[in-house]
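The values are calculated or read from the model by the stated rules, or taken from the named source; none is laboratory data. Since the structure is predicted, the reported quantities are computational estimates derived from the model, not experimental observations. With ideal geometry, Cβ positions are generated from the backbone for all residues, glycine too; neighbour counts draw on all protein chains shown.
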Amino acid sequence: MVSDEQLIETYLKSRKRDVLGELLCRYLAKVRRTVYSMVLDASLADDLAQEVFLRAIRGLAGFDGRAKFSTWLYHVTMNTTHGFLARRTRSPVTFSANPPDHPRAARGSAESAAVEGELDQAIRAALAHLTPKLRAAIVLTNIEQMDPAEAARIEGCSTATMYWRIHEARKQLRRRLERHHLP
């Protein structure tokens, strides 16, 4: 498999769209999932993911390889998302129903499906109440399964700060979700 860095080098030399398409396809679902987890709205996530990729393409020549491409792309993703959320400070984050790329598997009774749906809704509502920086800490480390040090590099903070954000976000989520008796 060709590395991300090799694809970037090939694209920058040839400007072939298929090479760029292959690189972007590798990250489309991850970027969209990350953005959705931050804005909690499927339509906005689609728009912002498109903006992320436009910014990434424009800035690709500036990618210097000091970090992995994925780290650089997540940095672009989080900067774009934080910028959007900052511009939208007057209206709080709300969430839509299940995201379209989150299909429900038939796993039992209608009652268990209803309980699971209620829990999903409660989790998204609790996430919506977190500040963007705390939400980013949870999204990057818990949803995207990143190491806190990498998440800190993406967010432009110290590792210690990232650990504090994770701790604080979990504390706030736990408080909001108490009634659901989660572990």
Give me a count of the residues in region 1-32 that are under 24 Å from ILE143 (Cα atoms) and either surrounded by 18 or more Cβ atoms within 10 Å (Cβ to Cβ) or aliphatic (A, V, I, L, M) (or both).
-> 8
Would you pick out the residues in region 1-24 that are farther than 30 Å from THR131 by Cα, assigned to a helix (DSSP H, G or I) and not charged (D, E, K, R)?
-> GLN6, LEU7, ILE8, THR10, TYR11, LEU12, SER14, VAL19, LEU20, GLY21, LEU23
Is there a residue being in a helix (DSSP H, G or I), small (Gly, Ala, Ser) and at pLDDT below 95 anywhere in region 91-108?
-> no
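Just checking, does region 143-154 include any residue being at positive phi and modelled with pLDDT under 95? Show your work before the answer.
Step one: of region 143-154, the residues at positive phi are 145.
Those left that are additionally modelled with pLDDT under 95: 145.
Yes; the residues of region 143-154 include at least one that is at positive phi and modelled with pLDDT under 95.
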Residue list for region 36-66, filter: in a helix (DSSP H, G or I) and aromatic (Phe, Trp, Tyr) | TYR36, PHE53
Over region 138-165, the set of residues closer than 16 Å to MET78 by Cα and β-branched (Val, Ile, Thr) is ILE138, VAL139, THR141, ILE143, ILE154
Write out, first by first residue and then by second, each pair whose Cβ atoms fall under 8 Å of each other, whose residues are 6+ apart or on separate chains, and whose first residue, in region 1-25, is charged (D, E, K, R) while the second is in a helix (DSSP H, G or I) and surrounded by 11 or more Cβ atoms within 10 Å (Cβ to Cβ).
-> ASP4/LEU23; ASP4/ARG26; ASP4/PHE69; ASP4/SER70; GLU5/PHE69; LYS16/THR10; GLU22/LEU7
